[in-house]
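The values are calculated or read from the model by the stated rules, or taken from the named source; none is laboratory data. Since the structure is predicted, the reported quantities are computational estimates derived from the model, not experimental observations. Because the Cβ atoms are built from the backbone with ideal geometry, glycine has one as well, and the counts that use them run over all protein chains shown.
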Amino acid sequence: MTYSIFSMPEGMILNTAGQFIDAYLFIYLINGFFHPKKGTTVSKNHIVIMTVLIAGVLFLADFFSDNNFYIYYAAIFLLPLVYSMMFFNEKLITKIIICSIFTSLILSFENLVIQFPHTEFIKSLIETNRFAYVFRFFIQRIGLKVMMFFIIKKLLLWPKQSNIELPTPCWFMILSVSVFGNLLLVIFKIPRRMDGYVVRLVTLIFLVILPVFLLLLVKYLCMTGEKNRIISAQISQTKIQNQYLMQQLDMVESLRKFRHDYKAHLFCMDTLLNAKKYEELHQYLLSLHQYQYEGVHLRRFVDDESLNIILNQKVTVAEKYGIHFETDIVLPTHGKIAMSDLNSLIVNLCDNAIEACATLPDARISLDIHKVKAYLIIEITNTSRNNVQKTNPEFRTHKSNPELHGLGIKIIKSITEKYNGQYHIVSTENSFTTNLMLLDE
């Protein structure tokens, strides 16, 4: 007895469930990959409503076309594309590529289930045994979508999660592979038209593995490049910090010398003044200009000179914006965290906090550093206008050079990972807190 899956109640139920899963998968992909347009809020209700609506369109497409493959294929490609165009930013070509690779992967996986395995015994079993026939359809429409979910999560959404822009050649490769797969599966029907079960199976496996392998390769290359970029930025930042610290130390040393010798300087100037040697007095005053002491007043936050100068600089900048900056810092006497890494963390944490509340009235920043057992705890809290995790979950900056802001956060995370630490943020309606735990032993 040969069965027709769409004439069976369980087949219709599985197909409808598959339509809901297809709809949810590309809603999940589009929401996770693209940034919503201004005024668009992607809430749970939005996701549920759009999933039901799109699943309904897929159901109607199957119903009125009598389960026509080409109609459903067109719907699977066009619906997420239209959805992304309506509610999300980014370039149209990027949306086309994402929808194309998504469609290619779904078709490849479903065709693989249809073709595999097809020995005479199993083929006969599937065609004559109702349970086996329905089970294969279950794997095709529902089971493989679990794998699709993890592919989307691990291989398609990571650029947005990591705040990484894919280079143009990567987009070109992904587009080429997705178009190649769609042409073979839909237009030329290559696997089904090929002679021999083994040849068809190998071709389908190739069509499944190729895009997955490409996505893995792109992720590896881009993540490696991003790590190198972060390391390079951290090295450059450290060099600039060291130059600034050396300048500040020179100024402090000049001030110390001047303070040590100021009585002698006053005596010399008084002598020249009494002798009415005004030109010599003028030259003597000019010679004192080498002491760059103006505005140098270092408060003592910590014993380490480099970190103390950095804290003085950041507190001074904050005060210029009218921000009240509080510190409670107790550094351990020994530990494995390099001072250069700690300095980088403090620089980037303070810069982000100052930027976040520079325009707010009665703004406050508090910085706490202390050691608890084996961990160095760094916590910085700044005033905020609203819950940043709700209004700006990706922490986009309004700076003219936003890539520097993104690098700052990446440097913080990179150093935290280096010391097997944890990075945690807490946001309320009027405050934003970053908490770091770094293993210091």
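General observations
- Looking only at residues of the range 415-441 that are in contact (Cβ under 8 Å) with a residue 12 or more places away in the chain and acidic (Asp, Glu), we find that the one that is surrounded by the most Cβ atoms within 10 Å (Cβ to Cβ) is Asp440.
- Qualifying positions in the range 267-287 - outside any helix (DSSP H, G or I) and surrounded by fewer than 13 Cβ atoms within 10 Å (Cβ to Cβ): Ala275, Lys276
- Considered as a group, the residues in the range 136-157 that are crowded, with 16+ Cβ neighbours inside 10 Å and basic (Lys, Arg) include one that is nearest to Lys95 (Cα to Cα), and that residue is Lys145.
- Scanning the range 237-266 for residues being at pLDDT below 70 and more than 54 Å from the chain's Cα centre (by Cα) gives a total of 5.
- Single residue of the range 318-358 satisfying the filter (touching a strand residue (DSSP E or B) at 6+ places or on another chain (Cβ under 9 Å), β-branched (Val, Ile, Thr) and surrounded by fewer than 18 Cβ atoms within 10 Å (Cβ to Cβ)) that is nearest to Asn387 (Cα to Cα): Thr327
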